[in-house]
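Q: The structure that follows is given in the form of structure tokens.
The values are calculated or read from the model by the stated rules, or taken from the named source; none is laboratory data. Note that the structure is predicted; figures quoted are calculated from it, not measured. Cβ placement follows ideal geometry from the backbone for every residue including glycine, while neighbour counts extend to all protein chains displayed.
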Amino acid sequence: MAEGFKIDQRHGKSRVRVARVWRPHSGGHVMVEWEVDVSLFSDCLPSYTSDDNSSIVATDSMKNTVYGKAKECTEELTLERFALLLARHFTNYYPQVTGAIVSIVEKPWERVLIDGKPHSHGFKLGSELHTTEVTMKKCGAVNIISGLKNLSLLKTTQSGFEGFVRDKYTLLPDTRERIVATEVTSSWRYKFANISQIPPAPFCFRQRYNEVKKVLSDTFFGPVDTGVYSPSVQNTLYLMATAVLNRFQEIEWVHLRMPNLHFLPVNMSSKENPNMVKFADDVYLPTSEPHGTIQATISRAMSKL
Ligand SMILES: O=c1[nH]c(=O)c2[nH]c(=O)[nH]c2[nH]1
């Protein structure tokens, strides 16, 4: 309480960009590029209510810590473990820091293949982003939410939408044949509640991220030759999320946000040429605005026992 007001505050550094290269004696170089956000819950109320900054951990020091810790990490590590390490440092080292949130987005640098052979030190940019947000309290309680962004998926058939509400504003016809395209953003919570519960190697957050991404996209597409019919983005989203929960017990919930990026049928006509372009599931107008947005968080129902 300060002068009759309540303050809910935290401070930190955003968009700290760092790249780390590991050069093992044998095998190729390994590199990551991360954008790190740090935010600290700390007891520094006098800095808000007066000119006393004596308890502030400078955001400049937070930024420097990111580079210092990256230097100290002589072994390759995942963004989740780097976020945990930073959060542990901030909450352990500074008496006034009661909690920390460390968020990291990894840029998708992928090893280049030349004639099918992995290059020892060449990388190209892929498209999906791996994300994490680690919240830690001084006592070691953690909340680890990882995710992905920019997973663009499309199928040219095996999608429809029918039987929805019809009223005086409804123009959309029922269809069992359309393109469905989306750019998936997902996040999921690992159920490790304390730093002591986080499994050591061989459990690998990067491997889990790749597996979750594969389960999501495999479920979206279905078998290679027949696919799987999608009656709505809603149903496909549900099947994707539940496939992840069924496969990975250490994931507590999955959030999916899936824009419905419409591909509109093209029909063009004039008085002279009434059938200039008559849509036959062939020519579409791809759009990004406006688009539908379907999102849900799916978790396991509590057992009745
Ligand atoms: O899969 C869909 N879900 C919707 O909620 C919706 N709404 C709409 O116009 N088209 C679609 N498609």
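Q: Can you go through LYS63, LYS71 and tell me which one is touching a residue at least 40 places away in the same chain (Cβ under 8 Å) and either over 20 Å from ILE144 (Cβ atoms) or in contact with a helix residue (DSSP H, G or I) (Cβ under 6 Å, 6 or more places away or on another chain) (or both)? It would help to see each step written out before you state the result.
A: Working: LYS71 fails: touching a residue at least 40 places away in the same chain (Cβ under 8 Å).
On inspection, the qualifying residue turns out to be LYS63.
Q: To continue, here is another question. Which one of these is in contact (Cβ under 8 Å) with a residue 60 or more places away in the chain, surrounded by 16 or more Cβ atoms within 10 Å (Cβ to Cβ) and within 16 Å of the ligand (Cβ to nearest atom): ILE298, ILE294?
A: One residue alone meets the criteria, ILE294.
Q: For the subset of segment 136-179 comprising residues that are in a strand (DSSP E or B) and more than 30 Å from LEU84 (Cα to Cα), which member is nearest to the ligand (Cβ to nearest atom)?
A: So the residue we want is PHE161.
Q: Please specify each residue of segment 230-249 satisfying the condition of being more than 12 Å from the ligand (Cβ to nearest atom), surrounded by fewer than 15 Cβ atoms within 10 Å (Cβ to Cβ) and not in a helix (DSSP H, G or I).
A: Within segment 230-249, just GLN249 meets the criteria.
Q: Yes or no: ASP225 touching a residue at least 40 places away in the same chain (Cβ under 8 Å), more than 16 Å from the ligand (Cβ to nearest atom) and outside any helix (DSSP H, G or I)?
A: For ASP225, the condition - touching a residue at least 40 places away in the same chain (Cβ under 8 Å), more than 16 Å from the ligand (Cβ to nearest atom) and outside any helix (DSSP H, G or I) - is not met.
Q: Could you figure out which of (1) surrounded by 13 or more Cβ atoms within 10 Å (Cβ to Cβ); (2) of a type in the set (Ser, Thr, Tyr); (3) part of a loop (DSSP other than H, G, I, E, B) isn't true of SER288?
A: (1)
Q: Another question, if that's okay. Go through the residues of segment 65-79 one by one and say whether even a single one is assigned to a strand (DSSP E or B) and among the hydrophobic types (A, V, I, L, M, F, W, C).
A: no
Q: Does SER159 satisfy the condition of being of a type outside the set (Lys, Arg), more than 30 Å from VAL21 (Cβ to Cβ) and within 26 Å of the chain's Cα centre (by Cα)? Reasoning before the result, please.
A: Values: of a type outside the set (Lys, Arg): yes; more than 30 Å from VAL21 (Cβ to Cβ): yes; within 26 Å of the chain's Cα centre (by Cα): yes.
Considered against the rule, which asks whether it is of a type outside the set (Lys, Arg), more than 30 Å from VAL21 (Cβ to Cβ) and within 26 Å of the chain's Cα centre (by Cα), SER159 comes out as yes.
Q: Could you please find all residues in segment 138-161 being of a type in the set (Ser, Thr, Tyr) and more than 23 Å from LEU264 (Cβ to Cβ)?
A: SER146
Q: Give the residues of segment 148-182 that are β-branched (Val, Ile, Thr) and either free of Cβ contacts under 8 Å to residues at least 60 places away in the same chain or surrounded by 16 or more Cβ atoms within 10 Å (Cβ to Cβ) (or both), sorted by residue number. Give the derivation first.
A: So in segment 148-182, the residues β-branched (Val, Ile, Thr) come out as 156-157, 165, 170, 175, 179-180, 182.
Across segment 148-182, the qualifying residues are THR156, VAL165, THR170, THR175, ILE179, VAL180, THR182.
Q: Determine, yes or no, whether PHE161 is among the aromatic types (Phe, Trp, Tyr) and closer than 30 Å to GLY12 by Cβ.
A: no
Q: Mind listing just one residue for me: the one in segment 267-303 that is closer than 23 Å to ARG247 by Cβ and not hydroxyl-bearing (Ser, Thr, Tyr) and, of those, modelled with the lowest pLDDT?
A: It comes out as MET302.
Q: I'd like the full set of residues that are within 17 Å of the chain's Cα centre (by Cα) and part of a strand (DSSP E or B), limited to segment 180-222.
A: Listed by number, the residues that qualify are THR182, GLU183, VAL184, THR185, SER186, SER187, TRP188, ARG189, TYR190.
Q: Kindly provide the set of residues from segment 45-60 that are in contact with a strand residue (DSSP E or B) (Cβ under 8 Å, 6 or more places away or on another chain), within 20 Å of VAL16 (Cβ to Cβ) and assigned to a loop (DSSP other than H, G, I, E, B), ordered by number.
A: Selection gives ILE56, VAL57.
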